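Shown next, in structure tokens, is the structure this report addresses.
The values are calculated or read from the model by the stated rules, or taken from the named source; none is laboratory data. Note that the coordinates shown come from a computational prediction; the quantities given were computed from them, not determined experimentally. Cβ sites come from the backbone with ideal geometry, for glycine too, and all protein chains shown count toward neighbours.
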Amino acid sequence: MLNKLNNDNIVILLLSSIIFNYFLLFSSSLILLVKLNLLLFFFLNFIFFYKLNKNIFLLLIIITLLIICLGSLANQWDARSLWLFKAKRIYLDLSVISIKDNYAIFSHPDYPNIGPAFIAGFSKCFGFWNEIYPKVALTLMFIPALILLNKYFFNNNFLLVMFLILFTIGKFLVNGEMDGLVSIYFTVSFLVIYNLSLKDSSKKNDFILAILLIIILSMLKIEGFILSLIIIFTVTTFMIVKKKINYQIIFCLSLAIMPAIIWQIFTTTVNINNASSPYNYNLDDFSLRFLQVENYFLISKYMLLNDKFFLSIIFFIITHLYTKNKNILKYVASLIFIYIAILYIVYLSTPFDLEWHLNSSATRVVKPMALFLFIFGVYNINYKNKIY
């Protein structure tokens, strides 16, 4: 059986393990299966690096990240008070739906929690909890995405991709926050789906990968859910415009987004969606700011002029001028424009002081766009060199 495993199969099994862990934690009676599932995750990583892959560079990067993760505390608010707090609740309650009591509203119980669930399952394998090692689980969640990137980028281009990942998301690879995972799963999800849409006939594994990646992306964070919807909307729209509708892709993406939609329905049904919270985004604040031009300049200053996002735009433009790939340009520009427009609406609707909110979050929310532009800039180079 092990002889039949290839890189795609390993990635599918790793992604499936992350998702299964989440669903197994809906019931406290399945904790043994949770532990077995996590042991399978570790075993699959061993098989990949020991038996199937000779990429020592990727292995060294992962080991280094794990060491750094173990040597640092989760001292950021989101890492400590949102994700690890929810992970500890799941660890103690043995259930991802224990949040329905709406305890500790500051931790946003309504946020998707596939990440905290993986932390909880990982910690159960060790049988105890502390404030350091559990966040290693989030660093491990990068591995399937990095393996997939190694499939699309080779040799020097892969080294460039890894450098750009480290440059763009840096500490978010190890600090227990979700923004790094959202960034890389957004990029890899669209990379897989874009290549899938180019083919007249695709392998079953390609569709399975697209489904699993969108499930995880949409369940990482609210931003991941929004980015998943943007991918689905953009891909479907381009298919309709080009009159080349692939119903298999549309069906797979629609199926993949359903768990996140069900989660949103669940949180609304049990009244933990924070709709009545004073911290909720609202129409009143939006109407007060909407016609004030200075607000748009302020948002643009924090988002569009963010150093890494600005550099990613320049990098992508240069590589596009080198390759002249209009198809990639149309997709990338559409995705970025839609996401930026949504971010403007979100910030104009914040109940907090606008500059304070931008100062505390803008750097994080632009990371998916920055990494996306960087990676597709390298993809342009690959296209020019006819690697695909």
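Descriptive notes on the structure:
- Segment 27-67: number of residues that are among the basic types (Lys, Arg) and not in a helix (DSSP H, G or I): 1
- Any hit, segment 334-346, residues being modelled with pLDDT under 95, surrounded by 18 or more Cβ atoms within 10 Å (Cβ to Cβ) and in contact with a helix residue (DSSP H, G or I) (Cβ under 9 Å, 6 or more places away or on another chain): yes
Residue-wise test of (1) under 22 Å from Phe266 (Cβ atoms); (2) among the polar types (S, T, N, Q).
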position: Ser28; (1), (2): yes, yes
position: Leu38; (1), (2): no, no
position: Phe46; (1), (2): no, no
position: Ile56; (1), (2): no, no
position: Leu73; (1), (2): no, no
position: Pro109; (1), (2): yes, no
position: Ile114; (1), (2): yes, no
position: Ser123; (1), (2): no, yes
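- Among the candidates Ser81, Ser29, residue that is surrounded by fewer than 21 Cβ atoms within 10 Å (Cβ to Cβ), among the polar types (S, T, N, Q) and under 25 Å from Glu223 (Cβ atoms): Ser81
- Residue list for segment 237-268, filter: loosely packed, with under 14 Cβ neighbours inside 10 Å and farther than 28 Å from Phe23 by Cβ: Thr237, Ile240, Val241, Lys242, Lys243, Lys244, Ile245
- Extreme residue, surrounded by the most Cβ atoms within 10 Å (Cβ to Cβ), among residues of segment 138-188 that are more than 18 Å from Phe225 (Cα to Cα) and hydroxyl-bearing (Ser, Thr, Tyr): Thr168
- Segment 72-89 residues that are in the same structural domain as Leu181 (by TED's automatic domain parsing), paired with ones that are of a type in the set (Ser, Thr, Tyr) and outside any helix (DSSP H, G or I) (beta carbon under 8 Å, 6 or more apart): Leu82/Tyr111; Lys86/Tyr111; Arg89/Tyr103
Yes or no, residue by residue, for (1) basic (Lys, Arg); (2) within 21 Å of Asn327 (Cβ to Cβ); (3) outside any helix (DSSP H, G or I); (4) assigned by TED's automatic domain parsing to the domain that holds Val11:
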site	(1), (2), (3), (4)
Tyr185	no, no, no, yes
Val192	no, yes, no, yes
Asn195	no, yes, no, yes
Asn205	no, no, no, yes
Ala210	no, yes, no, yes
Leu220	no, no, yes, yes
Glu223	no, no, no, yes
Thr236	no, yes, no, yes
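- Note on segment 278-300: among residues that are within 30 Å of Gly170 (Cβ to Cβ) and touching a residue at least 24 places away in the same chain (Cβ under 8 Å), the one that is surrounded by the most Cβ atoms within 10 Å (Cβ to Cβ) is Ile299.
- Looking at segment 269-388, the helices (runs of 4 or more DSSP H) lying wholly inside it that each contain 1 or more residues that are within 26 Å of the chain's Cα centre (by Cα) and basic (Lys, Arg) sit at 293-303, 307-323, 326-348, 354-365, 367-384.
- Of all the listed residues (Ile342, Ile318, Ile313), the sole one being touching a residue at least 24 places away in the same chain (Cβ under 8 Å), outside the structural domain of Lys242 (by TED's automatic domain parsing) and under 13 Å from Thr234 (Cβ atoms) is Ile342.
- Residues that are at pLDDT 90 or above and buried (at least 17 other Cβ atoms within 10 Å of the Cβ) within segment 67-76 comprise just one, Cys69.
- Answer from Ile47, Ile97 - the residue that is in contact with a helix residue (DSSP H, G or I) (Cβ under 9 Å, 6 or more places away or on another chain), closer than 28 Å to Ser107 by Cα, modelled with pLDDT under 95 and surrounded by fewer than 18 Cβ atoms within 10 Å (Cβ to Cβ): Ile97
- Just one of the listed residues (Lys151, Lys199, Lys124) is of a type in the set (Lys, Arg) and more than 29 Å from Tyr339 (Cβ to Cβ), namely Lys124.
- Flag for Thr234 being surrounded by fewer than 24 Cβ atoms within 10 Å (Cβ to Cβ) and touching a residue at least 60 places away in the same chain (Cβ under 8 Å): yes
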